[in-house]
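The values are calculated or read from the model by the stated rules, or taken from the named source; none is laboratory data. Only a predicted model underlies this, so the values are computations on that prediction, with no experimental measurement involved. Counting neighbours? That spans all protein chains shown, and the Cβs are built from the backbone with ideal geometry, glycine included.
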Amino acid sequence: MKILFWGVRGSFPVAEGHAVGYGGNTPCLEVEVAGRTILIDAGTGIRGAGQALADRGVEQVDLLLSHAHWDHIQGFPYLPQLDQEGVSVRVHSLRHPNQTLNEIFAGQQQPPFSSRSLKDVRAHLEFVEHEDGDCFEIGAAQVTCRRLNHPGVAAGYRVDSGDHVLAYICDTDLDGAVLHADGLGEDANETKWLQKLRQNARDLGHSADLLVCDTFFLPEEYEPLWGHSCPDEFLRLAAEVDASGVWLFHHRPGRADSDMDGIVERYRPAAVSEGIQLHAAREGVEISL
Amino acid sequence: MRVKLWGTRGSVANPSTTTSQYGGNTPCVEVRGTAGEVIILDAGIGLHWLGQRLMGEGFASGGEAHVLLSHLHWDHIQGIPFFTPLLIEGNHIRIYGRTGNGRGLRDSLLCQMERAYCPVPNFFDDSIGALLTVHELETESISIGGVHVRTRQIHHGDTDMCLGYRIENDGGTLAYLPDIDYTATEHQDAALDLAEGADLLIHDAHHTADEDLSDGHSSDADAVRIGEMAGVGRVMLFHHHPDRSDDEIDAIVASYADRRVPVSAAAQGDEIRLSS
Ligand SMILES: [Zn+2]
Ligand SMILES: [Zn+2]
């Protein structure tokens, strides 16, 4: 398995001097697994990813979407594959209660907001909606999709291939006391749901080689209503589920490169004591498992 | 009048080492009148960073800003949910524009805040943060303090409505034509009218002349031609294509070195003073 970070920034793209080192593109990962190409999230980083795939002549792409917040879909209209006839693009996401995935993507690409209509797409575009807990295959890889605690409808993914596991757990408030997830029904028991969504994150991360984490906050900045986590919670999770590598991800827009270095330094002792390798995701970094 | 560029890139932000000189943030231009009027042209991602600056200039407790939108494509409005002064009670943020789709400006902007897409609270809800008012521009001229604003519809591909602006204050004149095409000669009329004799013309230069110009944008050659026809003091190429590197933009600017009108490329962070 090979993983490449094309976008690591949360909320919105950051083209500012303070962020050039770690990168300012919004979330996108490329995962090469047993001859197949998986993209995770469609932030602005997906433009570069798609260009690299086009250069290599890749004709089949599966996109795993965590959720439909702008920073996770805003690059999609600029995915070069959409203009290529004969290329297949499959978008996977959790099912939304009141909207189809197609409607959500078409909504972004309609007037007056866009002149790039989904109707003009030349590739074979398919939307696949999953339920919480679904497992499906992409080539020889096993993918699991589970609901997370974030406003709206958000999912994390686990990609199993051979002996290697990637877990993408973003965006979520892992240990917060507020239930953010939408559409759980009138009589949803908040405590039970919080436990279940926490368990979902554990299941996704179990024995992962690579845990890509929503660490938008530091504890001193934490806002309970935003649906994001701090490194502390993810280090705790990684220790619980025997994950070996933690990658801080979805960096806050104002976070300077020197801040990121400082955060890694601050949490390294805690990680080392648990036998966890700690990194901050940086645009352009490639990992081979 | 003082003009500062917070976002110069068209279509989609491109944070990259190859774009760091001219900038990767989507369009946002700050205009300050001599009496301190705060006018903002377009609300691309650059608006967030302008907002952070404004927080240190009175908007942490109570300030008034006027945001003039050219049109509602994402690259011109995507900064709105991340404009920190909107969170602060006591601020008054006024958004101006026109839709031309039968649906008002306010309703259109509300779609951007839909829960499926938007991670922040809906600032159009009066109980949250600043007072936010939306003004449908029905007339061609408005005054904001001592700043005179004139607007006309300009042609931008199949977009229902796109506005260009002419801004005059204290003897200085800025013309702003961020997204415009000249697929028909008569599209020049509104552009020339707004730009006539301006000290500075900020003009769409998304393409180079050899590229496909059917997507509603101009080339650098169009920008310079309109600038010369309108007799402007200076042409600034704007709305750079997301993939256009700093080196490529440098080469484009260099190719106009011996033109009658000075030509430069809009660079994020640049500041220009205009006065009589
Ligand atoms: Zn996010
Ligand atoms: Zn534009």
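Within 16 Å of ligand 2 (Cβ to nearest atom) and free of Cβ contacts under 8 Å to residues at least 40 places away in the same chain - does that describe any residue in the stretch B:34-44? Yes, that holds for at least one residue.
Among residues of the stretch A:245-259 that are away from chain B (no Cβ under 14 Å), those with a Cβ under 6 angstrom from a residue that is away from ligand 2 (no atom under 16 Å from the Cβ) and among the hydroxyl-bearing types (Ser, Thr, Tyr), sequence gap 6+ or separate chain, pair up as A:Leu248/A:Thr215. Looking at the structure I just gave you, is B:Arg103 assigned to a loop (DSSP other than H, G, I, E, B), within 16 Å of ligand 1 (Cβ to nearest atom) and farther than 20 Å from A:Val14 by Cα? Against the criterion (assigned to a loop (DSSP other than H, G, I, E, B), within 16 Å of ligand 1 (Cβ to nearest atom) and farther than 20 Å from A:Val14 by Cα), B:Arg103 does not qualify. Of the strands (runs of 3 or more DSSP E) entirely within the stretch A:109-201, those holding at least 1 residues that are within 16 Å of ligand 1 (Cβ to nearest atom) occupy A:141-148, A:154-161, A:164-169. What residue, among those in the stretch B:135-177 that are within 14 Å of chain A (Cβ to nearest Cβ) and within 22 Å of B:Glu30 (Cβ to Cβ), is nearest to ligand 1 (Cβ to nearest atom)? If we take residues in the stretch B:135-177 being within 14 Å of chain A (Cβ to nearest Cβ) and within 22 Å of B:Glu30 (Cβ to Cβ), then B:Cys162 is nearest to ligand 1 (Cβ to nearest atom). When residues in the stretch A:19-51 are screened for being of a type in the set (A, V, I, L, M), under 20 Å from A:Ile138 (Cβ atoms) and either at the interface with chain B (Cβ under 9 Å from one of its Cβ atoms) or part of a helix (DSSP H, G or I) (or both), 2 of them pass.
Applying the condition of being among the charged types (D, E, K, R) and more than 12 Å from chain A (Cβ to nearest Cβ) to the stretch B:54-95 and asking which residue is nearest to ligand 2 (Cβ to nearest atom) yields B:Arg94. So is A:Leu79 farther than 28 Å from A:Asp173 by Cα, under 22 Å from the mean Cα position of the chain (by Cα), crowded, with 16+ Cβ neighbours inside 10 Å and at pLDDT 95 or above or not? Spelling it out, A:Leu79 is indeed farther than 28 Å from A:Asp173 by Cα, under 22 Å from the mean Cα position of the chain (by Cα), crowded, with 16+ Cβ neighbours inside 10 Å and at pLDDT 95 or above. A:Val264 meets all of the listed conditions (1) assigned to a helix (DSSP H, G or I); (2) touching a Cys at 6+ places or on another chain (Cβ under 7 Å) but one, namely (2). The residues of the stretch B:218-232 that are buried (at least 24 other Cβ atoms within 10 Å of the Cβ) and either within 14 Å of chain A (Cβ to nearest Cβ) or within 16 Å of ligand 2 (Cβ to nearest atom) (or both), listed by number, are B:Ser218, B:Asp220, B:Asp222, B:Ala223. When the residues of the stretch A:78-90 are filtered to those that are in contact with a helix residue (DSSP H, G or I) (Cβ under 7 Å, 6 or more places away or on another chain) and not in a loop (DSSP other than H, G, I, E, B), the one that is nearest to the other protein chains (Cβ to nearest Cβ) is A:Tyr78.
Just one of the listed residues (B:Asp160, B:Asp75, B:Asp126) is assigned to a loop (DSSP other than H, G, I, E, B), among the charged types (D, E, K, R) and surrounded by 16 or more Cβ atoms within 10 Å (Cβ to Cβ), and it is B:Asp160. Taken residue by residue, the stretch B:96-116 has at least one member that is closer than 17 Å to B:Leu174 by Cβ and surrounded by fewer than 24 Cβ atoms within 10 Å (Cβ to Cβ). Yes or no: the stretch A:14-30 includes at least one residue that is more than 16 Å from ligand 2 (Cβ to nearest atom), under 22 Å from A:Glu286 (Cα atoms) and acidic (Asp, Glu). Yes; the residues of the stretch A:14-30 include at least one that is more than 16 Å from ligand 2 (Cβ to nearest atom), under 22 Å from A:Glu286 (Cα atoms) and acidic (Asp, Glu).
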